[in-house]
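Since the structure comes first, as structure tokens, the remarks are kept for the end.
The values are calculated or read from the model by the stated rules, or taken from the named source; none is laboratory data. Note that the coordinates shown come from a computational prediction; the quantities given were computed from them, not determined experimentally. Note: ideal-geometry Cβ built from the backbone for every residue, glycine included; neighbour counts use all protein chains shown. Areas reflect the complete protein model, heavy atoms only, side chains present, ligands, DNA and RNA absent. Shrake-Rupley method; radii C 1.70, N 1.55, O 1.52, S 1.80 Å.
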Amino acid sequence: MSGSRSSSRADRPRIGVIAEPRFLVGLILIALLLGGLLRLLGSGGAGDLVWAAATALALVPLSWSVAHSLADGDVGVDAIALVAMAGALVLGEYLAGAVVALMLSGGNALEAAASQRARRELTALLQRAPRVAHRRREGKIEEVAVEEVGVGDRVLVRAGEVLPVDGAVQSEAAVVDESTLTGEALPVTRPRGTAVSSGTLNAGEAFDLRATRTASESAYAGIVRLVREAEHQRAPFVRMADRYAAVLLPVTLLVAGAAWALSGDPVRALSVLVVATPCPLILAAPVALISGVSRAARVGVIAKGGATIEGLGRARTVLFDKTGTLTRGRPEIEEVRSAGDLAPEVLLRLGASVDQLSAHVLGEALVHGAEAREIELVFPENVVEDPGQGIEGRVDGHRVAVGSGDWLRRRGYSGLDGVGDLTGDWLEPGWARVMIGVDGALGGVVLMGDRLREDAGELTAALRSAGVEHIALLTGDQAAVGEAVGRSVGVDRVYAECSPEEKIDVVREARSAPHAGAVVMVGDGINDAPALAVADIGIAMGGVGATVSSETADAVIAVDRVGRVADGIAIGRRSLAIARQSVLAGLGLSFAAMGFAAFGHIPPVAGALLQEGIDVAVILNALRALRG
């Protein structure tokens, strides 16, 4: 047997160490063996007394737990165990009472061990949370708390250390073990300028990174917050099990009373009570769902708790934001076209050198693109910037301007009328043109685009295999851009030019549709936060370069792989199916045992052993959700 989960055991008052399941199991087991030994030696009375003491020992924390539940207005099936053990004492079935006490404490210990195993991936994430960083300042290295690292600080990451903050690699390269977040064992090499995430491990030589976020704003900090919320959430399936348990209590008492009344034997009623506790209902659901949480964490899907896993298991509709979700969310250089004699590499070097002092997203992309191509940049002089329009300065004696065509024209640069011929048909929907002027004339054009994620093309097929029936794209971009991305991915419908408010309306409409199941919204957690909150399940892309919104999202994809959404749904569906299977099979066996006990075919001691066998079977079955 096991106690009810009508309230979290972690929140219930306990009576010292005696209420700890493993300690209690040991005491009762010793009492059972000692009582048996005394009876073998001819001291039956003393043996019965020891067994009665063991039963009373277990009744103390159980009575406290039941009283606490009743005070909260919650009648759980702990009450059945309480009545069974008290009845065993009254009827003189001391061995049965001691066995029930052992099964009760054993069930509690078994559940605790199963939950601990199921949460091990979440526990590992919490234990890896970095606490200190080695910051470079004024030529020295100082060890500081991660909270003291600011944006722009240069941090040394030693070999074997966990990266303390999100940042960009400043050394030639970094070898990073991302297995905690991605589930992949092999380390990856990140070249200079590449973004790396806090919580990953330096698997190579020491390297420097430039902090791009504070520790509290980092991707890993958001994941840790999400894991802590998962520690306290309970799935609707578990809450529903509690309601069923409250109904089963009077039914059990009715069957036990009928067995006593018809047979005239109160021991039959005791046998019914012993085998009646619906532990499969109480244990299987939470163990299976928290196993799903752990399994999802192993592949980089951090869920708040069992409720999220259950919601993913019921998903039939999935809505995706475009920028930062299906696409990378950051512009990348597609091609550099020169308008004169300058080679593309030289043109890019001049433009990126000036853009080092620009805060514009395209300027940052230009610098990152040059660094990724291992182009050595120089510090510009006499820099003047018109925010949102362009920037101009001197590089190696050249007057260089980077910005829009109109801005360069106003700065006196010529040759802008030939831009259309220079780009031709190359410009795709949603792409941008960055003009680079050199010494008063157009030097060339950099074409930049927000590329689809590598796994986006396989996403819809994976979702349909996982049971999703409707897939849609929501974007604030123009219809031509949205339709182009939608065709590439293969969604069923595209909602373009959507404001955040209009995205909420789309989510609500999807939820109201017949047979919609659970509606999942996937976004980057920034302007999509309202839609994430309205959906049944909100998933934020929380990998490197994205903001984790644990306040509104129910789950976070900890890696830059949108395909993990399909993995999360598949894990949720399997975990929910295993929970239901365990509950139905276990309850069926318990009801069958109640029938046999009511007709006198199962004595109390055998009933307690049989019921514990059912417990073990359903918990082991529920733990299958840990496996792929």
Inset, instruction - Would you mind stating whether Val419 is more than 30 Å from Leu473 (Cα to Cα) and open to solvent by less than 30 Å² (accessible area, probe 1.4 Å)? - result: yes
Legend entry - Boolean, Glu364 is open to solvent by 50 Å² or more (accessible area, probe 1.4 Å), within 30 Å of Gly476 (Cα to Cα) and touching a residue at least 40 places away in the same chain (Cβ under 8 Å): no
Inset, instruction - Kindly provide the set of residues from the stretch 142-158 that are open to solvent by 30 Å² or more (accessible area, probe 1.4 Å), part of a strand (DSSP E or B) and closer than 25 Å to Gln356 by Cβ, ordered by number. - result: Arg154
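Let's see how each residue does on (1) in a helix (DSSP H, G or I); (2) more than 17 Å from Ser105 (Cα to Cα); (3) not aliphatic (A, V, I, L, M):
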position: Gly572; (1), (2), (3): yes, yes, yes
position: Ser575; (1), (2), (3): yes, yes, yes
position: Ile578; (1), (2), (3): yes, yes, no
position: Gly588; (1), (2), (3): yes, yes, yes
position: Gly595; (1), (2), (3): yes, yes, yes
position: Val605; (1), (2), (3): yes, no, no
position: Asp615; (1), (2), (3): yes, no, yes
Inset, instruction - Mind telling me which of the residues Ala53, Ala67 ends up being more than 17 Å from Pro604 (Cβ to Cβ), out of contact with any Ser or Thr (no Cβ under 9 Å at 6 or more places or on another chain) and modelled with pLDDT of 85 or more? - result: Ala53
Legend entry - Pick from the stretch 464-518, criterion under 16 Å from Gly563 (Cα atoms) and among the small types (Gly, Ala, Ser), ranking: surrounded by the fewest Cβ atoms within 10 Å (Cβ to Cβ): Ser465
Inset, instruction - Inspect all residues belonging to the stretch 242-255 and state whether any of them is among the hydrophobic types (A, V, I, L, M, F, W, C), closer than 20 Å to Asp524 by Cα and either at pLDDT below 90 or open to solvent by less than 50 Å² (accessible area, probe 1.4 Å) (or both). - result: no
Inset, instruction - Of the conditions (1) within 20 Å of Tyr94 (Cβ to Cβ); (2) polar (S, T, N, Q); (3) open to solvent by 10 Å² or more (accessible area, probe 1.4 Å), Gln581 clears all except one; give me its number. - result: (1)
Inset, instruction - Scan (1) open to solvent by 50 Å² or more (accessible area, probe 1.4 Å); (2) within 30 Å of Arg487 (Cα to Cα); (3) at pLDDT 90 or above for the single condition Arg399 breaks and write down its number. - result: (2)
Legend entry - Selection within the stretch 589-617 - open to solvent by 10 Å² or more (accessible area, probe 1.4 Å) and under 24 Å from Gly306 (Cα atoms): Ile614, Val616, Ala617
Inset, instruction - Considering only the stretch 266-358, give the helices (runs of 4 or more DSSP H) lying wholly within it that have at least 2 residues that are modelled with pLDDT of 85 or more, more than 30 Å from Asp528 (Cβ to Cβ) and open to solvent by less than 10 Å² (accessible area, probe 1.4 Å). - result: 266-276, 344-355
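Condition check ((1) within 18 Å of the chain's Cα centre (by Cα); (2) at pLDDT 85 or above) across all residues:
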| site | (1), (2) |
| --- | --- |
| Val565 | yes, yes |
| Ser575 | yes, yes |
| Ile578 | no, yes |
| Gly586 | no, no |
| Gly595 | no, yes |
| Phe599 | no, yes |
| Leu610 | no, yes |
